[in-house]
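A short write-up of the structure that comes next.
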Amino acid sequence: EKGGYEHFMLKEIFEQPKSIHDTLRGRLLVEEGIIKMAGIWDNLERLNQAQKITIIACGTSWHAGLIGEYLIEEFARIPVEVEYASEFRYRNPIISEKDIVIAISQSGETADTMAAIKMAKEKGAFVYGICNVVDSSISRVTDAGSYTHAGPEIGVASTKAFTAQLTVLSLIALKLGKHNGHLSNQEFMRLITELDTIPQKVQEVLDTTHEITKEIAKNFVDAQNFLYLGRGYNFPAALEGALKLKEISYIHAEGYPAAEMKHGPIALIDENMPIVIIAPKKGHYDKIVSNVQEIKARKGKVIAVVNKGDTQVASVADYVIEFPETSECFSPIIASVPLQLLAYYIAVYRGANVDQPRNLAKSVTVE
Ligand code: F6R
């Protein structure tokens, strides 16, 4: 059942080239230069005329939503807000018939997300679902939607569902931008050609970082805290990396936008503070280099997640994890993979039950 892997989580991490490919299949048609998504196409006018899009979700799906905000605002130029479903539903949010709500849920059963959708519908919003479980409650109550084709996710910590959510959000943002004229045909073609290579690049990052993350993990079995830093598209990837570690290893971890470090968290940094920093070449690289220097000056232990062939960050970091270069907007899909592996191995070395972490359930059907 686990296909020779010790845990479902590891199996699901390794399934990502396939789950991303399956999520793109039949939708991303590079040769024809189109993205085919019935849910978007059938509601194109409504979506592109939205005065705002509100993304609602919980946990990992909320992190995917944050990246969705960056994608949709960059490529379709529609204002996006991202809210925790549990906050949205209890605060009388400003939502009208002109609004679009996108609900993201792996299980399609999360109680808070479900309640938030009902409220948005009562206020007249058009609700679009991004679910993984076919025919789940959320997929049934939404007005339209696109499934992630990640396949069943058994491990409680979400991995392949997250990268599949990012894949669907990328498709949606690019399709909206192409049709509303904010994305030139040339730019659209460049981006879809790149998106098409992502399954391959995820395979490459699995092949090249599996052993390294395992080795690095051994050094942090007794860590009590971790910081995860990233900028731009990789800020939510840092939040997600920290959540993975918390959930399965029970080590306290926090994610921050790298530039926020100096507004507080820097006070925590000493030789006992490991810091995972995501620093791809495309994405405020120079700024990140100076963040790394600030951390090293305070003796923090840096685990740098950088592009292949990086020398600047790599030369000052304590540990280096390399991943293939891609457009900044797709980099969290690839960079998240070694962070999943790192969290997995730290948890395994601590003897934790990674598939069934204490106090957690796969779908949270109570509020
Ligand atoms: C994290 C995790 C949870 C879920 C959250 C939302 O690994 O599993 O944070 O992401 O409970 O669940 P869904 O996406 O099913 O609505």
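Hey, D42 hits all of (1) touching a Phe, Trp or Tyr at 6+ places or on another chain (Cβ under 8 Å); (2) under 16 Å from V127 (Cβ atoms) but one; which does it fall short on?
(1)
Inspect the stretch 283-296 for any residue being within 15 Å of the ligand (Cβ to nearest atom) and of a type in the set (D, E, K, R) and give the result as yes or no.
Taking every residue of the stretch 283-296 in turn, none turns out to be within 15 Å of the ligand (Cβ to nearest atom) and of a type in the set (D, E, K, R).
Looking at A164, A157 in this structure, which one is not in a helix (DSSP H, G or I) and not hydroxyl-bearing (S, T, Y)?
Only one candidate passes the filter, namely A157.
In the stretch 274-292, how many residues are in contact with a strand residue (DSSP E or B) (Cβ under 9 Å, 6 or more places away or on another chain) and either small (G, A, S) or assigned to a strand (DSSP E or B) (or both)?
Summing the residues that are in contact with a strand residue (DSSP E or B) (Cβ under 9 Å, 6 or more places away or on another chain) and either small (G, A, S) or assigned to a strand (DSSP E or B) (or both) in the stretch 274-292 gives 7.
Looking at Y349, Y319 in this structure, which one is surrounded by fewer than 21 Cβ atoms within 10 Å (Cβ to Cβ), in contact with a strand residue (DSSP E or B) (Cβ under 8 Å, 6 or more places away or on another chain) and farther than 30 Å from L169 by Cα?
So the residue among Y349, Y319 that is surrounded by fewer than 21 Cβ atoms within 10 Å (Cβ to Cβ), in contact with a strand residue (DSSP E or B) (Cβ under 8 Å, 6 or more places away or on another chain) and farther than 30 Å from L169 by Cα is Y319.
Just checking, which of A237, A253 is touching a residue at least 60 places away in the same chain (Cβ under 8 Å), on the phi < 0 side of the Ramachandran plot, within 16 Å of the ligand (Cβ to nearest atom) and buried (at least 17 other Cβ atoms within 10 Å of the Cβ)?
Matching residue, one of A237, A253: A237.
Go through the stretch 129-173 residue by residue and tally those that are more than 14 Å from the ligand (Cβ to nearest atom), under 21 Å from I334 (Cα atoms), surrounded by fewer than 24 Cβ atoms within 10 Å (Cβ to Cβ) and not small (G, A, S).
2
Which of the residues that make up the stretch 256-273 are free of Cβ contacts under 8 Å to residues at least 24 places away in the same chain and assigned to a loop (DSSP other than H, G, I, E, B)?
Once the filter is applied, which keeps residues that are free of Cβ contacts under 8 Å to residues at least 24 places away in the same chain and assigned to a loop (DSSP other than H, G, I, E, B), the stretch 256-273 yields only G264.
Which numbered condition in (1) surrounded by fewer than 24 Cβ atoms within 10 Å (Cβ to Cβ); (2) closer than 30 Å to L360 by Cα; (3) touching a residue at least 40 places away in the same chain (Cβ under 8 Å); (4) away from the ligand (no atom under 16 Å from the Cβ) is the only one that E211 fails?
Condition (3) is where E211 drops out.
Condition test on S96, is it surrounded by fewer than 22 Cβ atoms within 10 Å (Cβ to Cβ), more than 9 Å from the ligand (Cβ to nearest atom) and not in a loop (DSSP other than H, G, I, E, B)?
no
So which residues in the stretch 283-316 are among the hydroxyl-bearing types (S, T, Y) and either closer than 21 Å to A259 by Cβ or surrounded by 15 or more Cβ atoms within 10 Å (Cβ to Cβ) (or both)?
Y285, S290
I want to confirm something. Restricting to the stretch 174-191 and keeping residues that are surrounded by fewer than 22 Cβ atoms within 10 Å (Cβ to Cβ), not basic (K, R) and not in a loop (DSSP other than H, G, I, E, B), which single residue is nearest to the ligand (Cβ to nearest atom)?
Across the stretch 174-191, the extreme among qualifying residues is L191.
Taking the stretch 219-237 as the region of interest, how many residues are closer than 15 Å to S158 by Cα and hydrophobic (A, V, I, L, M, F, W, C)?
Total satisfying the criteria: 1.
Among the residues of the stretch 107-128, count how many are more than 8 Å from the ligand (Cβ to nearest atom), of a type in the set (D, E, K, R) and under 21 Å from the mean Cα position of the chain (by Cα).
Residues in the stretch 107-128 being more than 8 Å from the ligand (Cβ to nearest atom), of a type in the set (D, E, K, R) and under 21 Å from the mean Cα position of the chain (by Cα): 1 in total.
Consider the stretch 101-150. How many of its residues are part of a helix (DSSP H, G or I) and touching a Lys or Arg at 6+ places or on another chain (Cβ under 8 Å)?
Looking only at that region, the number is 5.
Looking at this structure, is L71 aliphatic (A, V, I, L, M), away from the ligand (no atom under 16 Å from the Cβ) and either at pLDDT below 95 or in a helix (DSSP H, G or I) (or both)?
yes
For the stretch 257-273, indicate whether the set of residues that are more than 16 Å from the ligand (Cβ to nearest atom) and surrounded by 24 or more Cβ atoms within 10 Å (Cβ to Cβ) is non-empty.
Yes.
The values are calculated or read from the model by the stated rules, or taken from the named source; none is laboratory data. What you are looking at is a predicted structure, and each value in this text was computed from that prediction instead of being measured. Every residue, glycine as well, gets a Cβ built from its backbone with ideal geometry; the counts of neighbours run over all protein chains shown.
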